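Only the coordinates and a few stated rules stand behind these numbers; no lab work does. Small disclaimer: the values here were computed from a predicted structure and weren't measured. No Cβ is skipped: glycine too gets one built from the backbone with ideal geometry, and neighbour counts run over all protein chains shown.
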Amino acid sequence: MLREKYKDEIEQILSRYPVRRSALLPLLWLAQTEEEYVTEAAMKEIAGILRITPPQVYEVVTFYTMFNLRPVGKFHIQVCKSLMCGLVGSDVLLGWLQARLGISPGQTTPDRLFTLSTVECLASCGTGPMMQINDEYYERVTEERVDRILADLKRDGTSPLKSGPFILPQLAGSEK
Amino acid sequence: MATTTTETVRLTIDGVPVTVPKGTLVIEAARQMGVMIPHFCYHPKLKPDANCRMCLVEIERMPKLQTSCSTPVAEGMVVHTATTVVNEAHKSVLEFILANHPLDCPVCDQGGRCDLQDFSHEYTPTTSRFLEVKRVFPKEYFSALIETQMNRCVQCLRCVRYCDEVMDVKALAPSGRGTMTEIKHFTTHQLDCEFCGGCVQICPVGAITSRLDLYEFRPWMLKRADTVCTYCGDGCHITIQTKGNDLIEVNSAHGAGRNNGDLCARGFFGYHATTHPDRLQSPLLRRNGELVPATWEEALEFVAETCIALKLKHGPDAFAGLIASRCTNEDLYVFQKFMRLVIGTNRIDGSARYGHINGVRALRRVQGTHRWTVAFEDIVGAEVLLLVGTNITETNPITGLKVKEAVKKYNATLLTIEALVPAIGTISNIANLSAHHFSVHPERFGNVVLGLIKAVVEGGLVAQTLTQRAPAYVEAISQTLRAIPWETLESVTGATSQALMEAARAFVAARRAVVLVGQGVLRTPGGFGVATNLLDLLLLTGKHDRPGCGLAPLAEENNDQGAVEMGALAEFLPGPSDLDDRAARERLAGLWKEELPQRPGATLMQILGDARAGNVKALFVVGENPIGSLPRAAQAKEALERLELLVCQELFLTDTARLAHVVLPACSYAEKDGTFTNTEGHVQAVRHAIDPIGESRPDWEILSALSVLMGYPIEYGDAKEILKEIRNLIPGYGLLGPAPATPRSDEAVVERYLREGYAEDVGARYQLTGAGSFDMAQPATSSAESDRRDAGKVKDGLQLTLVVGQTLFHSGKLSTRAKGLMEVQNAGSLGLNPSDADRIGVTDGDRVRLVNQAGEMTTSVRRLDRVPEGMAVFPEHFDEEARRLLTVSVDPVTQVPYCKSAKVRIERL
Amino acid sequence: MPTYEKILLKNMEMPGYTGLLADYERVGGYQALRKVLGKIAPADVTAMVTKSGLRGRGGAGFPTGVKWGFLPKDYTGPKYLCCNADESEPGTFKDRQLIERDPHQMLEGIAIACYAIGAETAYIYIRGEFSLGARILERALAEARAAGYVGTNVLRTGVNIDIWLHRGAGAYICGEETALLESLEGKRGLPRVKPPFPATHGLYSKPTVVNNVETLANLPYIVNRGPEWFASIGSPPKSTGTRVFCVSGHIKRPGNYEVPMGITFRELIFEHAGGMRSQKPLKAIIPGGASAAFFTPQHLDVKLDFESVAQAGSMLGSGGVTVMEEGTSMVWAALRLMEFFYHESCGKCSPCREGSSWLVQTLRRIINRRGRMEDLETLTDLCKNIAGRTVCAFGDAEIAPVLSTLQYWRDEYEELIRAAEPSGAAELVMPARH
Ligand SMILES: Cc1cc2nc3c(=O)[nH]c(=O)nc-3n(C[C@H](O)[C@H](O)[C@H](O)COP(=O)(O)O)c2cc1C
Ligand code: SF4
Ligand code: FES
């Protein structure tokens, strides 16, 4: 139950808005962080907290693409396939990933480590091709970096190749 | 409605000048002059959403085409609805809408009455340029009553908006986005909602349909009859569609009737009750202890002969009659005339006795009317609404919609006094919309009313004029209330004096205030007194004679009000006039050319008592079912078993009919003509939709036939002739316009009440009822605060108040025969507050035992947030076992039997 | 290469600049806020912004001061400011940099705007994917609160300015201002029908201003250095100040370039961004984000200001400049963008919803060698039928790539269609929802 575990946080969130329902996205984020995906129980609980009906929560969850209604792998790899990344090789990147992981977009590896998705523009068109893995961005991805990232993740659960704050143009071109 | 504006705007549509009220939408202005602008998402009941983009028009001096459904008129506006550009736009939008729409009209239930089909014929070529793959939604089971065909959806969201804006249910979720948006409920769960059918009715295409009539028909095959629903006192207009003698579906057109086309589950899905296979097909006569089929002649002759013999032997007051309010005015009128003239007794009563009479008697006593002084329009137009003891959505759903409209659309302030607590669920709960909600023990609503009145008199809110007009009256009330300290009041209501004061102020501040009082008050002890006190509240605040203000008792059965007006009750002659009203008696005698019986009437409980004592020998029962309605403690069965003649006119073999000597098959409302009078006093026409089932006959006709055999013929050619006679007695009856002309209160009666009438019982009425605050859930063992917390340990269960009441899906005496309604609810379960459920360690579906001195029952549990702690609710339509636990008390003034609650101990099985 | 004074990117390009409060204060941060709070009347701040000629950097380019002026004057109830940090327009990545590298700069801008319009509460609506940005902003907000720049009684002037971060969750449409408000209210992000406009009926139906991150980030400098100074930059009078252009695609040095408005595409692409990444010549330019009509090399000398770009048949939009080299299929480029629009159409309006799916499928068919010449007519028709008939500007946006590529590179479409195999068995696929 979110209500018990995150009592203060929920109170804090609610206090930011004059209308309870506004807290819906923040609470869904809380639920997704807690369980990796938004469970039915969480949707019902959130409806109760916000005094709306479960269908009103559900319709919102399904509108936003970042909420998962089913469990995803431990690492959710989301490759930007919009035009700008497409121009600099996102299809190739996707190809590598498919080959390395043995899955197509929408699928999860049998060990439940990786889920592969394609997404639309993530606002790093100047540093493409790029992908987001869980919360982190990985930019200017090359074949060799894909291998390192996957290995890092498997081994350490994280990778030093993830992006820090926005790469400034002066640094552009010089590989990290 | 809250701001009635008379400001108008002039504009030109297609070259024709028009003047419409300010704020009118262009699409409506056009409609008013006969120009139909094509549209899908627009519906006059809903806020414009302008999503379909179909209704584009050209408005001069605006750069782009505008959606006429969302654009209000403006002075001097010049609108074109049919230029080449506009036609082109309509065509192209339609082309988009059709792109993903399947071409399955031949198998679609909407075929023949589909907006999309109609507009397509008008605008599009027969071949589509869309060569691509149409979207396909995997078929999912939506619910037992409502089915979706999402491939056909045009995403106008009318269903979703209706469910939210009008019904306040919010059960439909548009899930996903873009073309793949799909109307669902909650994840993969099947629809769980009020099943009002509104989404089915408002869908402009065939995407949401009723399962009851899936694939049964094509619209043009159907015959239609416009009539009135019989499931509650709201009196909704319905159109029954039939094929042969089969009922295919029921709907109600937007704008039709007092319901404006809105219906509830009972109205929309309950129509199959009349054609249930158990309907009685022929008269039954008891032979050798068994009820066996007989001919009409045999049955009627038997009744007539027995009656004549019994009357000779015991006199007319050995007879009595009971009639159900689901009968038409014509039935009710002929019934009382039959009893009074042919039999010669006033000993008749009917289902209004179960509660409605309390409201009527209070109105007559204080203001000299027997009807509301307000109409539905006044509810919608009210600035403040006070709801007392009514879970209005479940008892009077459409009156409830008027309340919702007032609050949601016109920002009225809602005050509620109800046992149920606010809780968002799949059935709307009026308390959710309340500005001040007082949750109180179901038998103590009156205490909160006292609190409000105390706040009025002690907060200096009494109307000046009244203080001058009736100082003694004001003083008497004030004085009695002063004797009740706020602390005591707070402890017995759980409401703070501050909250009561705020509510009182809101009530006083409003120019238009309507008080709705429901079965929660009218059917519980003290109901008559509380209704009277509510009139005091209106008097004290100077509102009783203000336009748009008044007390509105909610009728439970569809023709409770008609039963009163037809004089089919112990204390009334038609009119209604009091039994001892000389002038009325004379007028009636003149018209009937016959003297009226002099002796007093008898109410339901008196009749049963007399039958038990052996003083009533013969009983006519028309549609009533005392055995099935009253708790065992009322000993109805024992009473009826002693009768020498029990005649039942019925649709089904009820518990009561099983005991009868003669059972006569009667027609349902769907097979007869006549009129009903709804809760607000609106008289409406009932029209037959199908031929009588089996050999059944209208109730009045049966009585008429009997009268002939008994030698006092009261004969009529048809129902209209009866109505004509009624009109002679009650001027204007049945001649009312689209909105009923509401009566004004009779100032002479008010004056008398203020001078002396109030004094009869002011001391008694202004007393608190019950002790202790609302939270009365107590472990049966005295010691156990710790037990309460630890659910598993409450071995001896909890002490609770059991309340049996109506639910949204069942009302009246026929709903359990409707297959549609039985799909939604076919058994009773005990609604418990989750905390109480935890205390005894039960969850949904677990079984519990309820025990008290009177008996015990077992049932399963449903946790319901809306049920307050300390209370348990059970649906009265499945309460056969529960009735064993209930006790009966009788109102000393109005003789209403109160039998809807009991103290019980609950324990887990 | 000409160099220009930078405004917004100046701090962050200083070596060692971290974006923490201390750094920002060191370079004069929050001085503008001190200057206005309680000292300059709110109406005068608005007048100053109007005078500066600042226009919205979110896409529509509406004059900021004028927008603020639409709020009801004699209204005393709550008002709101929403900072639009939803940045989801393909080709645009400037706000991300402003957020991640110099968060206080935009916070100060937000505070100034709140003061000017009389809002006590501001919400920063940040796209859900910017989780790093959200963390950075939360940290900055905590610093600003602790330092008294944000919260109740800011800088002991009696002014209250609460700023809250609100994360989206993956929906481009929530960048549209009324969809943003719906989303902020806990609903599906469907744009509202206008009128009424947010200025009178915005968040919770209260007067509301929605401004882009970059727009707001300019405010401290307008206050500090004066509106006249700002108005002298760029190509006055209609396009004043600098803009952060996001250059992407087949370019040598992709990235954000802050330059005065009014320089040419040629200068931006070939001087600042280093020219094409390979020997292949330039083929196409998207001048202002995915919603802007494509340009050809002939447009290289068009000036990067609102009017010039509009005159040349496109729009400056969000400032996302994407370049494509010779050899890039324009039908493919149009399809990629159309897939984006199809994926992101909220579904409210029939023309946009159905049109995007129809356009995507037709383009796919053409690429899959199953096109027909009539398709080109249909594509044009569909675009025209979407234009101007939808609730929000998304409808007009989604047709730009198709119409402009059809206009300039119709031959590529025809070629694909001519190559179509009459019996082509290519499979028709439903537009996929991921
Ligand atoms: C489909 C659509 C998407 C938009 N996305 C964004 C966005 O991501 N960020 C943004 O600042 N403005 C976006 N806008 C523009 C906003 O509606 C709004 O005009 C802007 O936030 C106003 O701020 P400004 O005046 O400072 O530019 C979008 C508009 C549309 C029609
Ligand atoms: S134009 Fe498209 S994105 Fe905008 S409201 Fe309409 S359907 Fe939604
Ligand atoms: S009816 Fe006007 S947009 Fe749908």
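Over all distinct Cα pairs, what is the inverse of the mean 1/r for segment B:356-553, reported as the Kirkwood hydrodynamic radius in Å? Can you show the working numbers first?
Working: mean 1/r = 0.0607 Å⁻¹.
16.5 Å is the Kirkwood radius here.
Each of A:R148 and C:T380 was given a label point 7 Å from its Cα along the Cα-to-Cβ line. The distance between the two points is 5.2 nm. Rounding to the nearest 10 and keeping the result within 0 to 90°, find how far the Cα-based axis of helix A:143-156 lies from the longest principal axis of chain A. With rounding to tens, the tilt is 50 degrees.
Its Kirkwood hydrodynamic radius, worked out from the mean inverse distance over all distinct Cα pairs, puts segment B:666-733 at 13.2 Å. Straight Cα distances below 29 angstrom link A:K154 to the lysines A:K74, A:K81, A:K162, A:K176, with same-chain residues fewer than 8 positions distant left out. The distance separating the Cα centre of segment B:613-654 from that of segment B:257-283 comes to 25 Å. Extents of segment A:75-156, taken as max minus min of Cα coordinates on every principal axis and listed largest first, are 33, 23, 22 Å. Inter-part distance, segment C:161-183 to segment B:877-909, computed on C-alpha centroids, equals 55 Å.
Exceeding 26 Å between C-alpha atoms, which entries from my cross-link table qualify? They are B:K139/C:K194; A:K44/C:K194; B:K47/B:K819; A:K5/A:K44; B:K593/B:K720. Table pairs above 26 Å Cα-Cα are B:K139/C:K194; A:K44/C:K194; B:K47/B:K819.
Counting every alpha-carbon pair across segment C:253-376, the share separated by more than 26 Å comes to 30%.
Would you mind ranking C:Y75, B:Y162, C:Y17, C:Y24 by Cβ crowding within 10 Å, fewest neighbours first? Present the calculation step by step, with values, prior to reporting the outcome.
Working: C:Y75 12, B:Y162 22, C:Y17 16, C:Y24 25.
Exposure proxy ranking, most exposed first: C:Y75, C:Y17, B:Y162, C:Y24.
Length, then width, then depth: along the principal axes, the Cα atoms of segment B:260-369 run 49, 41, 22 Å. Ordering C:F245, B:F319, A:F67, B:F217 by the number of other Cβ atoms within 10 Å of each residue's own Cβ, fewest first, gives B:F217, A:F67, B:F319, C:F245. Which one of A:A23, A:T39, A:V61 has its Cα pushed farthest toward the positive end of the charge dipole of segment A:2-63, where Lys and Arg give +1 and Asp and Glu give -1 at the Cβ? Final value for the positive-end residue is A:A23.
From the alpha carbon centroid of segment C:229-273 to that of segment B:114-146 is 49 Å.
Tell me, what is a quarter of the convex hull surface for the C-alpha atoms of chain A, in nm² with one decimal?
Average projection, Cα convex hull of chain A: 11.8 nm².
Computed about the Cα centre, the dipole magnitude for chain B is approximately 860 debye when only Lys and Arg (+1) and Asp and Glu (-1) carry charge, each at its Cβ.
Size of segment B:782-908: Rg and Dmax of its alpha carbons, in Å, are 15.5, 48. Shape descriptor for segment B:301-433: Rg over Rh equals 1.17 (Cα atoms; Rh from the Kirkwood inverse mean 1/r). On a per residue basis, the convex hull of the C-alpha atoms belonging to chain B measures out at 180 Å³. According to the calculation over all Cα-Cα pairs in segment B:1-150, the P(r) per 5 Å bin from zero is 2, 8, 16, 18, 18, 13, 10, 8, 5, 3, 0 %.
Could you check what % of the DSSP bridge pairs in chain A are antiparallel, to the nearest 5? Percentage antiparallel, nearest 5: 55. Seen from a random direction on average, the alpha-carbon convex hull of segment C:262-304 projects onto 3.1 square nanometres.
Tell me the label-point distance for the pair B:T84, C:R410, using the 7 Å Cα-to-Cβ offset, in nm and rounded to one decimal. Distance between label points: 2.1 nm.
How big is the charge dipole of segment B:356-553 about its Cα centre, in debye rounded to the nearest 20, if each Lys and Arg gets +1 on its Cβ and each Asp and Glu gets -1 on its Cβ? The partial results should precede the final answer.
Details: 18 positive and 14 negative charges, 99 e Å.
Value, rounded to 20: 480 debye.
Taking a ≥ b ≥ c as the square roots of the eigenvalues of the Cα gyration tensor, segment A:2-63 is oblate, since a/c reaches 1.5 or more and a/b is not larger than b/c. Calculated from the alpha-carbon coordinates, segment C:330-418 shows an Rg and a Dmax of 12.0, 37 Å respectively.
Computing Rg and the Kirkwood Rh from the Cα coordinates of the protein assembly as shown gives a ratio, Rg/Rh, of 1.03. Positive end of the dipole of the protein assembly as shown (Cβ unit charges, origin at the Cα centre): among C:Y221, B:F335, B:L814, the Cα lying farthest that way belongs to C:Y221.
Between A:T109 and B:K22, the C-beta separation translates, for a Förster distance of 60 Å, into a calculated FRET efficiency of about 0.40.
Against the 2.2 N^0.38 Å scaling, with N counting residues, where does segment C:64-131 land? I'd like the Cα-based Rg ratio to two decimal places.
The reported ratio for this selection is 1.25.
Sorted from longest to shortest, the spans of the Cα atoms of segment C:238-325 along the three principal axes equal 37, 23, 20 Å.
Per the helix-only calculation at 222 nm, which mean residue ellipticity applies to chain C, given -39500 (n - 2.57) for every DSSP H run of n ≥ 4 and division by its residues, nearest 500 deg cm²/dmol? Can you show the working numbers first?
Numbers: 17 runs with 170 residues, N = 434.
So the helix-based figure for chain C works out to -11500 deg cm²/dmol.
Need one number: convex hull volume per residue for segment B:62-106, Cα atoms only, in Å³. Numbers along the way, then the final one.
Working: hull volume 5.1 nm³, N = 45.
Convex hull of Cα atoms, per residue: 113 Å³.
Spin-label model, A:Q98/B:T887: points 7 Å from Cα along the beta carbon direction are separated by 7.8 nm. Between B:A435 and B:R546, the FRET efficiency from the beta-carbon distance, with R0 = 25 Å, is close to 0.75. If you line up the long axis of helix B:471-482 against the longest principal axis of chain B, both from Cα atoms, how many degrees apart are they, to the nearest 10? Computed tilt is about 90 degrees. Dividing the summed -39500 (n - 2.57) terms of all DSSP H runs of n ≥ 4 by the residue count of chain B sets its mean residue ellipticity at 222 nm at -8000 deg cm²/dmol.
The Cα-based radius of gyration of chain C, divided by its Kirkwood radius, gives an Rg/Rh of 0.99. In the structure shown, the pairs C:K238/C:K384; B:K64/C:K348; C:K67/C:K206; B:K311/B:K337 are assessed against 22 Å; a Cα-Cα span above that value is assigned to C:K238/C:K384. Compute the FRET efficiency between B:E475 and C:A41 as 1/(1 + (r/R0)^6), taking r as their Cβ-Cβ distance and R0 = 41 Å, and round to the nearest 0.05. Efficiency, from the Cβ-Cβ distance: 0.10.
Counting Cβ atoms of other protein chains within 10 Å of each Cβ in A:18-24 and taking the mean gives 5. The Cα atoms of segment B:130-275 define a convex hull whose projected area, averaged across directions, is 9.9 nm².
Subtract the Cα-Cα distance of B:A483 and B:E641 from 0.36 nm times their separation in residues, and report this length gain in nm to one decimal. Walk me through the intermediate numbers first.
Working: separation 158, 0.36 × 158 = 56.88 nm, distance 4.93 nm.
Full extension of this stretch gives 51.9 nm more.
For the protein assembly as shown, the share of DSSP beta bridges that are antiparallel, to the nearest 5, is 55%.
Please give the per residue volume of the convex hull enclosing the alpha carbon atoms of segment B:206-298, rounded to a whole number of Å³.
Numbers: hull volume 14.2 nm³, N = 93.
Dividing the Cα hull volume of segment B:206-298 by its residue count gives 153 Å³.
Relative to the dominant Cα principal axis of chain B, helix B:445-458 is inclined by about 80°.
Rounded if a/c is under 1.5, else prolate if a/b is larger than b/c, else oblate: which is segment C:11-231, with a ≥ b ≥ c the root eigenvalues of its Cα gyration tensor? Intermediate results must be reported in sequence, preceding the final value.
Working: a/c = 1.43, a/b = 1.10, b/c = 1.29.
Verdict is rounded for segment C:11-231.
Of the residues B:K64, C:K6, the one with the fewest other Cβ atoms within 10 Å heads the list, and the complete ranking is B:K64, C:K6.
Over segment B:694-755, what portion of Cα pair distances is larger than 17 Å, expressed as a whole percent? Don't jump to the answer; show the numbers that get you there.
Values: 1218 of 1891 pairs.
So the pairs more than 17 Å apart make up 64 percent of the total in segment B:694-755.
Looking only at C:K283, C:K303, C:K194, which one moves most when chain C is put into a Gaussian network model with springs between Cα atoms under 10 Å? Ranking C:K283, C:K303, C:K194 by mean-square fluctuation puts C:K194 first. Each Lys and Arg Cβ is given +1 and each Asp and Glu Cβ -1; about its Cα centre, the protein assembly as shown then shows a dipole of about 2080 debye.
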